[in-house]
Amino acid sequence: MSKEKEIAIESHDGPVRLKKQLGVFNGVAMIVGIIVGSGIFVSPKGVLLEAGSVGSCLLIWAITGVVCGIGAMCYAELGTCITKSGADYSYIKESIGDLPAFLYLWVCLAVIVPTGNAITALTFANYILQPGFPNCGSPDAAVTLLAALCLCLLTFINCTNVAWATRVQDIFTFTKILALVIIIITGIVKIGMGSTENFQNVFEGSTTQPGRIALAFYSGLFSYSGWNYLNFVTEEMKEPYKNLPRAIWISLPLVTVIYILANVAYFAVMTPAEMLASDAVAVTFADRTLGVMSWIMPVFVACSTFGSLNGAIFTSSRLFFVGARHGHLPGFLATITMKHMTPLPALLFGCVTSLIMLSSNDIYALINYASFVETLFIGMSVTGLLILRVTQPHLERPIKVNLFFPVFYFVICVFLIITPLTSSPMECLMGLVMIATGIPIYMLGVMWERKPRGFRIAFNKFSQLSQKLFYSVHEELKED
């Protein structure tokens, strides 16, 4: 079998194979497009809050970019030696075992995806409402209701027609880059005019507490989230074993430079105290610099977050869909509407769990909560790479990174997992509890093979009811 494996999807007209049509430029564009979202507009405040100084803040933005680049190289090796569908799920299952893999799928379903969607929706709501409340924070109830409305609207669009969802994505994608370009150019002009007060004694007030440093890293890493999605494009890349590492080494440094320049621009206009007092940093930045045109920034950022949320809803529903198809989630999620080819039950399920997460409108607590859980399982995937180096030394590895990279990333993950337990124990405890709730579900749903006949009949009837309700059928993926 050729190394450059193709995926066959069964359709009414026979199997359709994904074409290998993505080059280096396409890979870079895809990775940058996935990473750059709402994070850079909300996380600067979170990083500064925990880092304590301008210098430490900028340093953390640079280090988190390097860390994500190293992690991406580790995933390049994993993705080309374990070519099964499921990314982290398959890596953890292959190297560590079935239960940890199921727990990863479970926390994606219950924590990571709905929390990420809630954060993006809340960011959208904050930026839309900020111009209406220039001298005070937006009312919590208004922010939550608008975020819920945004989630429901985008879920409706994705449920109704895939073409509508992709059209929304196309329309709003360019706004995120345009907003950052405006911020960076304005900041450079301000520095050229002598606005450098905030860059004097830049490390004054820096925190030395490991727990707070870890929480600052969480906010930074949230802005880079999506770097591990690169494995989902491996199958469609031309010469992936050559072009994938190139795409990584171009895209991650590019995003890192953009993020650092954006933060330098923020500090060229706002003092650290002003940034911490703002719930919408980019809006405050625009108010100080763009004059009568300041209204364009909240519009651009809102469009950016709206598009990012649409993409997250679109892709996360497919994650639930695949998990159900592999037998590790309720089967009714693995159904697809016949007319528009959308996983309708999975979309609605994701919407409900995301709305539940809106019960907390503290964005930075949600970031810490989701980042702790995500870091734990990304660290587990990289640990799996080290385990496979020992247990399967002769496994074919088209891309093999230097051992320093996975060991370094493993050490960083251990630091980021352990230290927040002292400074932010509640968010970490909630994450651990959510992971633990997956254990009895695994025992009942997966390990318990001889289920009572009545239970199986009731479950099958529920699946059939959902298929009739949503006018949907099962779809299956076949891999060669």
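The values are calculated or read from the model by the stated rules, or taken from the named source; none is laboratory data. Owing to the predicted nature of the structure, the values given are computational and were not obtained by experimental measurement. Because the Cβ atoms are built from the backbone with ideal geometry, glycine has one as well, and the counts that use them run over all protein chains shown. SASA here: full protein model, heavy atoms, side chains in, ligands and nucleic acids out. Shrake-Rupley method; radii C 1.70, N 1.55, O 1.52, S 1.80 Å.
Observations on the model:
- Near Phe133: Cβ cut-off under 15 Å, other residues only, Lys/Arg at +1 and Asp/Glu at -1. The net charge is -3.
- Accessible area in square angstrom per residue, the stretch 41-110, 1.4 angstrom probe: 21
- Surrounding net charge for Thr115, when Lys and Arg each add one and Asp and Glu each subtract one, Cβ distance under 13 Å: -3
- Packing order of peptides 200-208, 184-192, 216-224, highest average first: 216-224, 184-192, 200-208 (average count of other Cβ atoms within 10 Å over each peptide's residues).
- Fully extending the segment from Leu469 to Val257 would add 71.4 nm, taking 0.36 nm per residue of separation and subtracting the current Cα-Cα distance.
- Accessible area (Å², per residue) of the stretch 359-480, counting only protein heavy atoms and a probe of 1.4 Å: 59
- Listed residue (Trp227, Gly211, Ser278) projecting farthest to the positive dipole end of the stretch 201-312, Cβ model: Trp227
- Phi angles of the stretch 215-222 translate, via the Karplus equation with coefficients 6.51, -1.76, 1.60 and θ = phi - 60°, into HN-Hα couplings of 5, 5, 4, 4, 5, x, 5, 4 Hz per residue; Gly and Pro are given as x.
- FRET efficiency, Ala29 to Phe455 (Cβ-Cβ, R0 51 Å, nearest 0.05): 0.60
- Per-pair calculated FRET efficiency, R0 = 22 Å: Val66 and Glu239 via Cβ, rounded to 0.05: 0.25
- Phi to ³J(HN,Hα) by Karplus 6.51 cos²θ - 1.76 cosθ + 1.60 over the stretch 439-449, Hz, x for Gly, Pro: 5, x, 5, 5, 5, 7, x, 10, 6, 7, 7
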